[in-house]
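Take a look at the structure below.
The values are calculated or read from the model by the stated rules, or taken from the named source; none is laboratory data. The structure presented is a predicted model; accordingly, all values stated were derived computationally and were not measured. We place every Cβ from the backbone using ideal geometry, glycine too, and count neighbours over all the protein chains shown. When the accessible area is computed, the model is the full protein with side chains, heavy atoms only, and any ligands, DNA or RNA have been set aside. Shrake-Rupley method; radii C 1.70, N 1.55, O 1.52, S 1.80 Å.
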Amino acid sequence: MLVNSHAIAPPPVATAYGTLLNHRGALAALGDAVHQPPYKAPPKAPVLYIKPRHCLAGHGSAVEVPGDAQTLEVGAQLGIVIGTEACRVREADALAFVAGYTICSDLSVPHASYYRPSLRWKARDGFLPLGPRILPARQVPDPDALEVVVQIDGREAQRYSTAGMQRGVAKLIADVSGFMTLTGGDLLMLGAGPAAPLARAGQTVRITIDPIGTLEHRLVAEARP
């Protein structure tokens, strides 16, 4: 990962968890394939993956596009920062366990399979820019009604609402904490919208979620040894 002089360190995060196919449109885009092997049926529980610490990058960062990828998929989404230990939390109580919200640019090498996603596709260095801040939860009264807008080189590339999620913030926390404990500082990503845009080296990505703000990062070609 390359970081320019204007980059801000990413918010402190314990473990970052991504959620696949949570947006109704993203799941619908699979079409009949969701009933074929290896899926065989739509997911009945949250489909999670981990973004290791080496993936974390901050607002203003420059992230390398690997030499074996022409573009990267930009999974713009809301990040839920857990405040206190959450284990077997009821949906009605779940929002009380949220410290705040941030913006996530969940980058990945484009791939066709959502079944056991490969670390090679999703866990390269710098593949999770976060920021520009963590907004306290009390300042986001309805996290399930936020508009996510993605611009690439100043042109709108995606726009969707968190209202389109199969599991809203409280439901996702309740379901995940039902089978594992979330600890303070953990980041749980709500899930990307449908038709995630592609960006290439040399382009600038801006993701806006009001009232959190705008996360910006650049993509650069991988440095050659």
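Summary table below
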item	result
Members of the stretch 44-75 that are in contact with a Gly (Cβ under 7 Å, 6 or more places away or on another chain) and open to solvent by less than 10 Å² (accessible area, probe 1.4 Å)	51, 55, 57, 58, 61, 63
Strands (runs of 3 or more DSSP E) within the stretch 119-210 that include 2 or more residues at pLDDT 95 or above and farther than 15 Å from residue 18 by Cβ	128-136, 147-152, 155-161, 204-209
Within the stretch 197-225, tally of residues that are open to solvent by 30 Å² or more (accessible area, probe 1.4 Å) and of a type outside the set (Val, Ile, Thr)	14
Matching residues, the stretch 76-104, being among the small types (Gly, Ala, Ser), crowded, with 21+ Cβ neighbours inside 10 Å and touching a Lys or Arg at 6+ places or on another chain (Cβ under 9 Å)	94
Test: residue in the stretch 144-153 that is farther than 27 Å from residue 72 by Cβ, open to solvent by 20 Å² or more (accessible area, probe 1.4 Å) and either touching a Pro at 6+ places or on another chain (Cβ under 9 Å) or not aromatic (Phe, Trp, Tyr) (or both)	yes
Long-range neighbours under 6 Å by Cβ, at least six apart or interchain, first residue closer than 26 Å to residue 214 by Cβ and aliphatic (A, V, I, L, M) within the stretch 89-118, second open to solvent by less than 50 Å² (accessible area, probe 1.4 Å) and at pLDDT below 95	109/69
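Residue by residue, here is whether (1) under 15 Å from the mean Cα position of the chain (by Cα); (2) of a type outside the set (A, V, I, L, M, F, W, C); (3) under 20 Å from residue 63 (Cα atoms) holds:
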residue: 92; (1), (2), (3): no, no, no
residue: 98; (1), (2), (3): no, no, no
residue: 108; (1), (2), (3): yes, yes, yes
residue: 129; (1), (2), (3): yes, yes, yes
residue: 148; (1), (2), (3): yes, no, no
residue: 153; (1), (2), (3): no, yes, yes
residue: 159; (1), (2), (3): yes, yes, no
residue: 175; (1), (2), (3): no, yes, no
